[in-house]
1. In sequence order, what are the phi-derived ³J(HN,Hα) couplings for the range 269-276 according to the Karplus relation 6.51 cos²θ - 1.76 cosθ + 1.60 with θ = phi - 60°, rounded to whole Hz, with x for glycine and proline?
2. Would you mind telling me which residue in P28, P134, P227 has the biggest mean-square fluctuation in a Gaussian network model of the chain, where springs connect alpha carbons within a distance under 10 angstrom?
3. Could you work out [θ]222 nm for the chain from helices alone, using -39500 (n - 2.57) per DSSP H run of at least four and dividing by all its residues? Round to the nearest 500 deg cm²/dmol.
4. Using only the Cα atoms of the range 1-84, build the gyration tensor, take square roots of its eigenvalues as a ≥ b ≥ c, and label the shape rounded, prolate or oblate: rounded if a/c is under 1.5, else prolate if a/b is larger than b/c, else oblate.
5. Explain nothing, just the number: dipole magnitude of the chain about its Cα centre with +1 on each Lys and Arg Cβ and -1 on each Asp and Glu Cβ, in debye rounded to the nearest 20.
6. What percent do you get for the relative contact order of the chain when only Cα pairs under 8 Å and 6+ apart count?
7. Taking neighbour Cβ counts within 10 Å as the exposure measure, how do R229, R119, R141 sort from fewest upward?
8. If you rank S42, S48 by fewest surrounding Cβ atoms within 10 Å, what's the result?
Amino acid sequence: MPQECKLSIITINYNGLKNTCELIDSIPFNNDLEVIVVDNASTQDEASIISERYPQVKVIRSQQNLGFAGGNNLGIQKAQGNYILLINNDTYFKEFNIDPLINRLESSDRIGIVCPKLRFAWGKNPIQYAGYTPLSSITVRNQAIGFGEEDHGQYDTAHPTPYAHGAAMLIKREAIEKVGLMPECFFLYYEELDWSMMFTRTGYQIWYDPACTVYHKESQATGQNSPLRTYYITRNRLLLVKRNYQGINKYLSYIYQIGLVAIRDIIRYTLQGRYDLVKAVFRGIIHFHCSTFN
């Protein structure tokens, strides 16, 4: 099918109408881009409201919540751009400066993904992401470069990075066609890290480029201490290890995640009286062991 635009911007809406509208309002529409909103079975029919308010936006309403990966994949399959920008609905632009990221993608056949600088939307807009450090082979931990720092231009040099950030990533369509869609077995959390590993195994590089900045309100969909988040973080760390780690490191990481991290979390949540979070940790471990993932 012929490409009808240069850039497809895809965002997922799940009971987040206000945030989604603020993101759309920060995008200057033109003939070179399309905006796709995937409504992931919001409680109210927010898809109709968005369609009425923004007739230039392509709105797709899913009858079931497909999760982060499934929602993005649905949008990717409907997108017609040469470049795909996956962006969280709780973000916005102060300056829509995507062309330098596209130029970075086009600078090498080996570059498959480029991520902008991410800054938090509160306070003095501290940095959230200026690239990632590699994951530990045992703890499955890494750090976002610059996290929490004031932005004084100290991370204004583009560089390769091991992983893309799920809040905003620009991808070549042809790279997605070679690598495959985002793994839907995660549903929430860690899917962008797994997908990044899929890209690097296929031979692509991932870059951070600060020529564009995106502002992120962060985790308004699930909450920082919700049972939903605790469940998926617990389960998906183990799933990431299963899909990407090999040999002795895989089993050492299982021991670390279950024997140390999970026990620590259970004790902490018990002392806090957060028995809902204790249950979420147990569920995450049990469902990982009892389920078969692709």
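1. Per residue, the Karplus-derived 3J(HN,Hα) values read 5, 5, 5, 7, x, 8, 5, 5 Hz.
2. Result: P28 has the largest fluctuation of those listed.
3. Working: 10 runs with 108 residues, N = 294.
Taking each H run of at least 4 residues, the total per residue is -11000 deg cm²/dmol.
4. Details: a/c = 2.05, a/b = 1.30, b/c = 1.57.
Because a/c hits 1.5 or more and a/b fails to exceed b/c, the range 1-84 counts as oblate.
5. On the way: 29 positive and 28 negative charges, 248 e Å.
Here the chain has a charge dipole of around 1180 debye.
6. On the way: 560 pairs, mean separation 55.2, N = 294.
Relative contact order for the chain comes out at 19 percent.
7. Final ranking by Cβ density, sparse to dense: R141, R229, R119.
8. S48, S42
We did not get these values from a lab; they are worked out from the coordinates using the rules stated. Just so it is clear, the structure is predicted and the values come from calculations on it, not from any experiment. Heads up, the Cβs are rebuilt from the backbone with ideal geometry, glycines too, and the neighbour counts pull from every protein chain shown.
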